[in-house]
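The block underneath contains the structure these notes are about, expressed in structure tokens.
The values are calculated or read from the model by the stated rules, or taken from the named source; none is laboratory data. Note that the structure is a prediction, hence the values are computed from the model and not measured. Neighbour counts run over all protein chains shown; Cβ positions are idealised from the backbone, glycine included. Areas reflect the complete protein model, heavy atoms only, side chains present, ligands, DNA and RNA absent. Shrake-Rupley method; radii C 1.70, N 1.55, O 1.52, S 1.80 Å.
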Amino acid sequence: MKPIILLIGRNGQVGAELLRLLPQLGEVVALGHDQLDLSNPTDIYRTIREVRPHLIVNAAAYTAVDQAERDETTAQAVNAQAPGLLAEEAKKIGAVLVHYSTDYVFDGAKKSPYDEADSTNPINVYGKTKFAGEQAIRNSGVSHLIFRTSWVYATRGRNFLLTIVRLATEREELRIISDQVGAPTSASDVAAATARVLSNLRETNDRGFVFSKVTGTYHMSAAGQTTWHDFAETILEEAKATSHNLDWLTAATQGRRLIARRVIPISTEEFGSPTPRPAYSILSNSRLFQKFGVSLPDWHTQLQRCFVAESIAANLLAH
């Protein structure tokens with residue numbers, strides 16, 4: 001009998017990619033917001049008790065950083081309270097939990113990659129609620145893996161990649177922040193790394209996953225670093241150079257040609273964002289590699305995969 005895996009957030013960026021990979025590891029029950037509202041504790045209790053999973057993978061979150069400042073109640077419910085409830089219910093039935101967190105738990109004052117032992121100091125509501133969710137999981141005593149990642153994007157949903165491609169069909173000049181440094185990370189690479197870790201932890205008798213010796217927090221982001229400005233320039237270079245007919249790119253551009261000619265670097269202050277963000281949020285992934293032998297490719301390599309045929313990208317990701 002295969003272990004039962006409850007995947008929460010099946011329609012999100014990471015969740016949609018996990019849905020392609022987790023069936024190799026067990027029987028997957030995948031739920032979206034319509035089936036499980038994480039802001040409703042009753043929904044959480046009912047779902048866990050009905051499904052009785054061996055493993056819960058929570059790929060859902062309130063990720064609208066600016067909106068979280070105006071809707072802290074919902075951000076708190078989804079990012080902080082729900083993970084704690086999931087952890088408590090998982091512990092009651094002997095399940096284990098995988099949860100995703102963010103580089104925004106750090107304030108960005110450091111000038112070298114953050115490791116898991118560094119002090120956290122989130123500077124916005126999103127980061128504060130995500131860190132509160134981490135703490136709730138730790139305090140529950142459940143066996144867990146918390147994966148912190150950064151600047152996540154995909155060829156679906158709402159994210160920087162799709163925004164830049166769309167804007168490039170509307171404007172000849174894009175003005176993009178150049179003084180925030182991070183590592184853009186593809187949702188497909190996060191999902192692939194997660195699946196590799198879980199495959200190493202699966203019991204040979206198919207009864208579940210053993211986290212007892214590895215429980216804790218790990219950084220899981222792309223190698224290398226860049227700025228939002230340089231990321232935008234690279235996106236446009238790849239988009240203009242691709243020779244593949246890509247459904248996601250056609251949808252993002254609505255079939256219109258790219259007219260953007262220049263990407264102008266601007267400061268965070270010039271951009272005028274209402275929400276503070278870390279100026280530097282590179283994560284050290286050393287612990288992930290040391291413990292599991294898993295590492296993610298350079299951010300540029302990950303981006304390039306988005307602009308090749310899907311069958312080729314899937315083959316590259318498998319290796």
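General observations
- 15 Å cut-off, amide nitrogen to a point 7 angstrom out along Glu72 Cα→Cβ, residues in region 267-309: 275-276
- Amide H contacts of Val29 (H built 1.01 Å from N, in plane; Pro and chain starts excluded): Ile5, Leu6, Leu7 sit under 5 Å, all sequence-distant by 5 or more or on other chains.
- Heavy-atom accessible area for Asp298, with the other protein chains in place and a 1.4 Å probe, reaches approximately 60 Å².
- Seen from Thr102, the other residues with C-beta closer than 12 Å to its C-beta sum to a net charge of +2, counting Lys and Arg as +1 and Asp and Glu as -1.
- With the cut-off at under 19 Å, measuring from each backbone N in region 160-202 to a point 7 Å along the Cα-to-Cβ line of Ala109 picks out 180-181.
- Relative contact order of region 21-88: 35 percent, from C-alpha pairs under 8 Å at least 6 residues apart in sequence.
- Over 23 Å between alpha carbons, listed pairs Lys128/Lys213; Lys110/Lys130; Lys92/Lys213; Lys91/Lys130; Lys2/Lys91: Lys128/Lys213
- In straight-distance terms, cross-link reach from Lys240 covers every one of the aspartates and glutamates whose alpha-carbon lies under 19 Å from its own, apart from those fewer than eight places away in the same chain; here that gives Glu170, Glu172, Glu173, Asp230, Glu310.
- All-pairs Cα distance distribution in region 1-109, expressed in whole percent, bin size 5 Å: 2, 12, 22, 25, 19, 11, 6, 3, 1, 0
- Rounded FRET efficiency, nearest 0.05, which uses the C-beta distance separating Gln35 from Ile266 and R0 of 30 Å: 0.10
- Multiplying the residue separation of Thr42 and Lys91 by 0.36 nm and subtracting their alpha-carbon distance yields 15.9 nm.
- Between Ser150, Ser273, Ser188, the GNM of the chain built on Cα springs shorter than 10 angstrom shows Ser273 fluctuating the most.
- This model, with +1 at the C-beta of Lys and Arg and -1 at the C-beta of Asp and Glu, gives the chain a dipole about its Cα centre of some 640 debye.
- In this calculation the C-beta distance from Thr250 to Glu170 is compared with R0 = 22 Å, giving a FRET efficiency of 0.85.
- Whole-Hz ³J(HN,Hα) from phi, Karplus 6.51 cos²θ - 1.76 cosθ + 1.60, for region 290-295, glycine and proline x: 4, 7, 10, x, 10, 9
- Positive dipole terminus of the chain, leading residue within Thr155, Thr102, Ala87 (C-beta point charges): Ala87
- Computed helical MRE - 222 nm, the chain, DSSP H runs ≥ 4 contributing -39500 (n - 2.57), nearest 500: -12000 deg cm²/dmol
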